[in-house]
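Down below is the structure, laid out as structure tokens.
The values are calculated or read from the model by the stated rules, or taken from the named source; none is laboratory data. Since the structure is predicted, the reported quantities are computational estimates derived from the model, not experimental observations. Cβ sites come from the backbone with ideal geometry, for glycine too, and all protein chains shown count toward neighbours. Accessible surface areas use protein heavy atoms only, side chains included; no ligands, DNA or RNA. Shrake-Rupley method; radii C 1.70, N 1.55, O 1.52, S 1.80 Å.
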Amino acid sequence: MIERIARLAAIVTIVMALGLAASPAAAEDGYALWLRYQPLPQGIRAAAAPHAAAIVAPAAPSPTIGVAVAELQRGLGGLLARPEPVAHTAGVGAILVGTPAELPAIAALHLPLSGLGDEGYLLRSATVDGKAVTIVTGNSDVGVLYGAFALLRQVQTGAPIDRLDLASTPKVRIRMLDHWDNLDRTVERGYAGESIWDWWRLPDWHDPRYTDYARANASIGINGTVLNNVNASPDILTPRFIAKAAALADIFRPYGIKVYLSVNFASPIKLGGLKTADPLDPQVAAWWKAKADEIYKAIPDFGGFLVKANSEGQPGPGDYHRSHSQGANMLAAALAPHHGIVIWRAFVYTATGDGDRAKEAYDEFKPLDGQFADNVVLQVKNGPIDFQPREPFSPLFGAMPKTPLGLEVQITKEYLGFATHLVYLGALFQETLDADTYADGPGSTVAKVIDGELDHHQLSLIAGVANIGSDRDWCGSDFNQANWYAFGRLAWDPTASSRAIAVEWAKMTFSLDPGFVGPTVDMMMLSREAVVNYMTPLGLAHQMGTNHHYGPAPWVDNLPQAEWNPAYYNRADATGIGFDRTKTGSNAVAQYAPPVAKRFADLATVGDKYLLWFHHLPWTYRMASDETLWDSLVHHYTLGVTQVADMQNTWTAMQRYVDPERYAKATTFLAIQHREAQWWRDASIAYFQSKSHLPLPAGEVPPAHSLAYYEALRFPHAPGI
Ligand code: GCV
């Protein structure tokens with residue numbers, strides 16, 4: 001027996017040495033994200049190795065150059081399956097890592113760096129002293145770090161590195177994650193375990209995960225993090241928590257990441273003992289100024305404040321009959337001497353009941369255009385309501401040319417099946433970024449609004465509500481990591497292709513094999529349409545269960561605030577379905593630039609995607625496809641379920657490319673998603689049929705249960721609330 005095992009082991013060793021082992025390696029738990037650095041296939045390794053003979057860095061590197069060199073050593077060492085040496089002089093095949101000021105050999109090349117700004121990088125194949133080398137450079141150390149990650153990405157994705165000439169500069173200045181993490185480590189809308197921030201043991205204990213978080217973010221160009229929930233506890237501004245935030249800032253600094261905090265507008269009352277938080281009260285302004293000074297003593301490069309004010313019960317300037325701009329500007333004045341900024345959220349809606357929630361942010365903020373201080377950016381959610389599977393772009397984009405507008409998207413999937421449903425959000429983010437506001441004629445895309453190009457703003461921002469927690473795989477599933485990745489890559493370049501980003505991610509996270517990459521990326525791109533189809537087809541929105549926002553609940557119409565009720569959004573009755581936002585209804589279309597308003601208002605041009613977002617139509621309305629609206633609605637729900645089944649089949653065929661642990665997890669999650677897509681379809685059809693009183697189209701299977709069954713389902717311990 002022992003002999004047989006020994007023989008077997010010998011055979012395995014020989015097979016592996018010959019590079020013949022089946023590709024999926026040992027089980028992986030997802031911790032390494034897209035920075036796995038597993039040995040590349042032999043041919044790619046052989047092509048890359050001569051151009052990665054050694055790393056040449058400045059003799060006394062800064063902390064940032066230090067981490068760039070360490071990452072290159074780690075990455076190239078792993079990918080090329082041999083140690084990556086560090087040298088002080090450039091031999092053949094060396095990689096020179098530094099700014100021209102730090103490495104005279106780079107300075108001597110007089111490379112064209114002026115267009116790179118202070119965060120861009122250049123990767124260039126060059127000749128130094130007659131030797132072929134690779135240059136990784138920029139105008140700043142953080143530019144060099146981004147360049148190091150870009151070089152690693154080239155190698156990881158199997159792209160050649162022998163004739164490099166790759167320059168890249170981020171289009172958006174602030175590229176940040178917003179953590180909705182509470183100080184007790186719960187995470188609002190978090191589905192990946194408790195908060196990554198171990199607040200209790202900070203500032204002393206530095207979980208190594210913090211460094212890996214910084215590495216992952218730097219690898220995709222994220223340069224800011226808001227540590228705490230926008231529903232902010234005033235305690236975040238106590239000296240105890242400032243010290244904890246400072247410890248994190250120290251860890252993140254070498255990676256080019258600044259720390260920001262969400263603040264509670266009533267902090268002067270709750271912490272400072274003042275009687276008011278009125279932004280025009282001099283004592284209030286003085287309290288914030290002193291607080292800002294205190295923070296900057298602990299965190300000299302502190303980024304600034306994120307504020308949710310007069311929204312969902314949060315305090316704000318409206319409590320004192322002051323405007324949002326008066327509130328924001330008072331905070332901005334406290335931060336300005338330190339070059340900090342205020343990120344003021346435009347997510348507001350009130351309990352009016354008879355209005356249209358989709359109009360409220362525009363109505364409140366558009367009149368304030370031009371009234372914000374220079375160091376204020378207004379953070380606007382992608383759609384006018386709330387991170388739905390599909391929404392048209394917010395009409396604020398393009399409507400406030402005198403104010404820098406930042407884009408806020410949700411990476412965590414509050415309304416898209418939490419962590420278990422596979423939904424690639426790159427497609428959703430890109431749909432918003434590519435949307436044409438027509439604010440300044442055709443081509444005035446949301447991307448151009450938020451990167452500052454359209455209205456010539458220096459301050460620009462894109463923020464993603466993080467999906468990161470303390471789960472071993474960070475995001476609650478391996479495929480959710482793609483959403484973090486895609487967010488960072490699109491923040492760097494909002495015109496990038498979400499498909500190309502998915503290709504990069506799939507190659508780095510799983511396998512370079514085209515047999516894997518093609519089908520997996522197709523599956524990811526399909527996944528966003530699938531979720532729209534089984535949850536909210538044809539422009540429906542906000543049909544999710546109360547509070548937890550998980551399963552279907554289109555019937556709910558008894559919540560105290562009208563705008564919390566799914567029935568408020570679907571408006572289904574015996575005559576039809578949909579929200580009339582044309583001039584016969586709320587006229588929300590009028591908030592868009594005329595060509596867009598015209599397109600959305602006209603049934604001939606609105607298209608299926610936004611049909612019921614903008615129109616209330618009879619069940620028997622004839623669609624472009626010539627089906628009735630009712631039949632089309634049912635078909636879309638069913639299609640969503642079928643698409644998830646297709647995703648399952650695709651994934652099953654990927655087994656041979658993926659390690660068993662990650663394969664099994666995604667397989668199980670897809671089975672959950674399929675079961676729940678069916679639930680969404682059945683419950684939605686059961687409810688809408690109770691309104692339409694129409695038979696199901698031929699061939700459609702009736703819901704598995706009665707409407708009463710679906711209505712009775714409860715989820716008392718759902719995560720993330
Ligand atoms: C942080 C939605 C979510 C809330 C969230 C809010 C916001 O309403 O359900 O959990 O609060 O958006 O973005 O402020």
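Descriptive notes on the structure:
- According to the Cα-based calculation, Rg over Rh for the range 294-362 is 1.08, with Rh computed by the Kirkwood formula.
- Placing dummy labels 7 Å off each Cα toward the beta-carbon, the span from residue 650 to residue 301 is 3.9 nm.
- At R0 = 56 Å, FRET efficiency that the Cβ-Cβ distance of residue 574 and residue 321 yields, to 0.05: 0.80
- Coil-residue chymotrypsin sites (Phe, Trp or Tyr not before Pro) of the range 156-227, DSSP, other Cβ within 10 Å capped at 15: 205
- Dipole axis of the chain (+1 Lys, Arg; -1 Asp, Glu on Cβ), positive-most option in 625, 498, 343: 498
- Computed log₁₀ I(q)/I(0) - Debye formula, equal Cα scatterers, no solvent, the range 205-252, q 0.19, 0.22, 0.29, 0.31 Å⁻¹: -0.70, -0.87, -1.12, -1.16
- Inter-centroid distance (Cα atoms) of the range 527-566 relative to the range 167-208, Å: 28
- Over the range 364-405, the pair-distance histogram of Cα-Cα distances with 5 Å bins from zero comes to 5, 23, 30, 20, 12, 6, 2 percent, rounded to whole numbers.
- With the Kirkwood sum run over all distinct C-alpha pairs, the range 626-665 has a hydrodynamic radius of 12.1 Å.
- From the alpha carbon centroid of the range 280-333 to that of the range 480-514 is 36 Å.
- Solvent-accessible surface of protein heavy atoms, probed at 1.4 angstrom with all chains present, puts 556, 531 in the order 556, 531, largest first.
- For the range 533-600, convex hull volume per residue from C-alpha positions, Å³: 118
- When the Cα positions of 182, 42, 140 are compared along the charge dipole of the chain, 42 comes out farthest toward the positive end, with charges on each C-beta of Lys, Arg, Asp and Glu.
- Stokes-Einstein, applied to the Kirkwood radius of the range 249-292 over Cα pairs at a viscosity of 0.692 mPa s and 37 °C, places its translational diffusion at 274 µm² s⁻¹.
- If the chain linking residue 184 and residue 620 were pulled fully straight, counting 0.36 nm for each residue of separation and taking away their Cα-Cα distance, it would gain 151.8 nm.
- Charge sum, other residues only, whose C-beta stays under 14 Å from residue 498's C-beta, Lys/Arg counted +1 and Asp/Glu -1: -3
- For residue 108 and residue 29, the difference between the fully extended length at 0.36 nm per residue and the C-alpha to C-alpha distance is 23.9 nm.
- Heavy atoms of residue 471 accessible to a 1.4 Å probe, total area in Å² rounded to 10: 50
- Rounded to whole numbers, the Karplus 3J(HN,Hα) couplings from phi for the range 304-317 are x, 10, 10, 10, 9, 10, 6, 9, 6, x, 6, x, x, x Hz, using 6.51 cos²θ - 1.76 cosθ + 1.60 with θ = phi - 60°, and x at Gly and Pro.
- Amide H within-cut-off set for residue 306, under 5 Å, with H built and near neighbours excluded: 261, 262, 263, 343
- Taking all protein chains together and a 1.4 Å probe, the residues 289, 691 rank 289, 691 from largest to smallest accessible area.
- Using the 1.4 Å probe convention, the accessible area of the range 409-541 works out to 23 Å² per residue with neighbouring protein chains retained.
- For the range 301-460, fraction of C-alpha pairs farther apart than 22 Å, in %: 44
- Rounded D (µm²/s) - the range 521-669, Kirkwood Rh over Cα pairs, Stokes-Einstein at 25 °C, 0.890 mPa s: 142
- Stokes-Einstein translational diffusion, the range 22-121 - Kirkwood Rh over all Cα pairs, 1.567 mPa s, 4 °C, in µm²/s: 85
- FRET efficiency for residue 163 and residue 38, using Cβ-Cβ distance with R0 set to 35 Å, rounded to 0.05: 0.85
- Ranked by how many other beta carbons lie within 10 Å on average, peptides 77-84, 327-334, 643-650 from highest: 327-334, 643-650, 77-84
- Rg ratio (alpha-carbon, reference 2.2 N^0.38 Å) - the range 263-323: 1.14
- Label sites at residue 125 and residue 154, each approximated as a point 7 angstrom past Cα along Cα to Cβ, lie 0.8 nm apart.
- Surface share of carbon and sulfur [accessible, 1.4 angstrom probe, percent] for the range 356-443: 46
- Global geometry of the range 479-538, whether rounded, prolate or oblate, following the gyration tensor of its Cα atoms and the 1.5 cut on a/c: oblate
- Annotation: amide H of residue 224 within the under-5 Å range of 175, 177, 258, sequence separation 5 or more or interchain, hydrogens built in the peptide plane.
- Calculated FRET value between residue 283 and residue 243, using beta carbons and R₀ = 22 Å, to 0.05: 0.30
- The range 220-273, accessible area per residue, ligands and nucleic acids excluded (1.4 Å, Å²): 24
- Considering only beta bridges that DSSP places wholly inside the chain, some 30 percent are antiparallel.
- Think of each Lys and Arg Cβ as +1 and each Asp and Glu Cβ as -1; about the Cα centre, that makes the dipole of the range 31-169 roughly 460 debye.
- What the Cα atoms of the range 604-721 give is an Rg and a Dmax of 17.6, 51 Å.
- Cβ-placed point charges (K, R +1; D, E -1), dipole of the range 388-453 about Cα centre in debye, nearest 20: 120
- Fully extended contour minus Cα-Cα distance, from residue 118 to residue 371, at 0.36 nm per residue: 88.2 nm
- Three semi-axes of the equivalent ellipsoid, the range 168-296, Cα gyration tensor, whole Å, largest first: 27, 17, 14
- Cα-centred dipole magnitude for the chain, charges only on beta-carbon of K, R (+1) and D, E (-1), debye, nearest 20: 880
- Accessible area (Å², per residue) of the range 574-721, counting only protein heavy atoms and a probe of 1.4 Å: 47
- Rg over Rh for the range 563-641 works out to 0.98, using Cα positions for both radii and the Kirkwood form for Rh.
- Alpha-carbon spread of the chain, three principal axes, descending order, Å: 78, 74, 51
- Relative contact order computed over the chain (Cα-Cα under 8 Å; 6+ residues apart), in percent: 12
- Across the range 362-406, no residue has a backbone nitrogen under 16 Å from the label position 7 Å along the beta-carbon direction of residue 602.
- Protein accessible area in the range 206-293, 1.4 Å probe - carbon and sulfur %: 57
- Surface listing: 408, 529 arranged by accessible area from highest to lowest gives 529, 408, probe 1.4 Å.
- Summing charges over all other residues whose Cβ lies under 10 Å from the Cβ of residue 587, with Lys and Arg as +1 and Asp and Glu as -1, gives +1.
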